[in-house]
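Here is the structure we will look at, set down as structure tokens.
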Amino acid sequence: MGETDWRELKKGGMMRQREAGLFSVRLHVVGGQVSAGQLAAIHEAASRFGRGEVHLTTRQGVEIPFVPLESLSAVKEFLAASGVGVGTCGPTVRTITACQGCTVCPSGLIDAPALARDLDCAFYGRPVPHKFKFAVTGCANNCIKVEENDLGIKGWVEPGWRRDDCTYCGLCAAACPTGAIRVEEGVAVHLDASACIGCGDCTDACPTGTMAVAVRGYRLFAGGKFGRIPRLGVPILPVLRDPAEVVRVAAAVLDFFRARGRPGERFADTVARTGVEALVAHVGEAP
Amino acid sequence: MTQELDITGDACPLTHVKVGRAMDLLAAGGTLRVTLRADALKAVMSSLKAAGHRVTAAERRDDGLVVIEVLRA
């Protein structure tokens with residue numbers, strides 16, 4: 001087999017192991033959600049085609065290692081019959097990670113799994129200059145660590161204050177973990193948007209409802225990565241209110257990467273080279 | 001009649017569980033005065049509001065602790 005063939009297999013989620021002739025088969029998982037039926041199929045496939053082992057990856061993926069070259073087609077067909085797809089590797093849009101968001105977690109502000117499915121549907125496996133990782137986290141607790149990803153989406157609350165009925169008790173300021181709120185008693189409550197992390201603790205703490213949710217939505221962080229030289233993604237754009245808008249922006253971000261990224265260059269390095277302003281301008285102009 | 005509760009030594013979820021239990025033991029119209037740390041505010045206030053109780057007074061003390069008075073629904 002030539003190098004090109006190995007690369008094609010890798011793009012299709014079949015990754016060559018150290019041992020000659022053996023492959024680790026990456027499965028298609030979205031937001032770490034796997035049904036019990038799929039787990040049963042994965043169990044059966046690992047026993048039948050591998051060595052009865054399953055590897056849980058660092059990004060919520062599932063791989064079946066020790067599958068011989070001659071069984072790759074068979075394992076793929078077997079899993080497909082149970083609704084389990086084979087994953088991707090190489091210079092493509094990779095597994096989209098997500099927390100359980102507001103569907104399960106009391107802290108969740110957005111439906112992270114649903115947005116992960118939308119992004120997966122639109123972009124999973126699509127070619128890009130280098131691997132591209134999306135992550136969706138439900139709130140400021142950031143269990144998914146979105147800033148480590150090429151494009152991360154975080155559930156976000158923008159608080160808004162109104163004077164009526166405010167007693168200036170200061171609980172909003174006391175609850176704020178970053179000191180973004182200053183109470184001028186009897187006069188006003190001042191919000192420093194640049195220090196706000198969108199957690200919404202102030203709105204939860206307010207006894208009168210005068211510090212309330214003004215916007216609940218999606219904050220995007222672009223240009224993060226881990227690996228050998230880690231870099232944290234930076235916030236771009238105002239808080240988006242609609243998941244469809246997030247998908248539109250994500251498409252524009254990927255267009256920017258395809259247009260400006262060099263082959264083999266991580267998106268973080270592209271953004272560092274062009275400046276984040278160029279990315280924001282491109283996204284703003286995209287239809 | 002006002003009952004007193006100090007949860008400054010407790011961590012979530014014991015904070016709002018203890019407050020919820022103390023509210024359950026109050027007669028309707030009774031008041032609970034709770035002393036807590038600022039980092040417990042989110043969970044405690046959320047659970048009180050969800051249960052329909054009303055915070056009638058709040059004070060930030062100089063030592064950083066918070067005191068709230070809650071009227072049982």
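Points worth noting:
- Condition check for A:Arg231: of a type in the set (Lys, Arg) and touching a Lys or Arg at 6+ places or on another chain (Cβ under 6 Å): yes
- Residue within segment A:184-191 that is among the charged types (D, E, K, R), more than 9 Å from chain B (Cβ to nearest Cβ) and outside any strand (DSSP E or B) present: yes
- Against the list (1) of a type in the set (Lys, Arg); (2) within 13 Å of chain A (Cβ to nearest Cβ); (3) surrounded by 17 or more Cβ atoms within 10 Å (Cβ to Cβ), the condition B:Lys18 fails is (2).
- Checking each residue in segment A:73-95 for being polar (S, T, N, Q) and touching a strand residue (DSSP E or B) at 6+ places or on another chain (Cβ under 8 Å) picks out A:Thr88, A:Thr92, A:Thr95.
- Within segment A:133-143, being part of a loop (DSSP other than H, G, I, E, B) and over 23 Å from A:Gly90 (Cβ atoms) holds for A:Gly138, A:Cys139, A:Ala140, A:Asn141, A:Asn142, A:Cys143.
- Entry remark, segment A:1-45: residues being not β-branched (Val, Ile, Thr) and not in a loop (DSSP other than H, G, I, E, B) number 26 in total.
- Within the option set B:Ala50, B:Ala58, being within 11 Å of chain A (Cβ to nearest Cβ) and within 19 Å of A:Ala173 (Cβ to Cβ) holds for one residue only, B:Ala58.
- Residue in segment A:129-137 that is under 16 Å from the mean Cα position of the chain (by Cα), more than 13 Å from chain B (Cβ to nearest Cβ), farther than 24 Å from B:His16 by Cα and of a type in the set (A, V, I, L, M) present: yes
- Scanning segment B:61-70 for residues that are in contact (Cβ under 8 Å) with a residue 12 or more places away in the chain and more than 10 Å from the chain's Cα centre (by Cα) yields a total of 2.
- For segment A:192-245, filtered to residues that are part of a helix (DSSP H, G or I) and within 16 Å of the chain's Cα centre (by Cα), the residue that is nearest to the other protein chains (Cβ to nearest Cβ) is A:Pro243.
- So B:Thr35, is it more than 12 Å from chain A (Cβ to nearest Cβ), modelled with pLDDT of 95 or more and outside any strand (DSSP E or B): no
- Some residue of segment A:206-216 being surrounded by 22 or more Cβ atoms within 10 Å (Cβ to Cβ) and within 12 Å of A:Glu158 (Cβ to Cβ): yes
- Criterion violated by A:Gly52 - all others in (1) assigned to a loop (DSSP other than H, G, I, E, B); (2) in contact with a Lys or Arg (Cβ under 7 Å, 6 or more places away or on another chain) satisfied: (2)
The values are calculated or read from the model by the stated rules, or taken from the named source; none is laboratory data. Computed from a prediction, not measured in an experiment: that's the story for all the values here. A quick note on method: Cβ atoms are made from the backbone with ideal geometry, for glycine too, and the neighbour counts reach across all protein chains shown.
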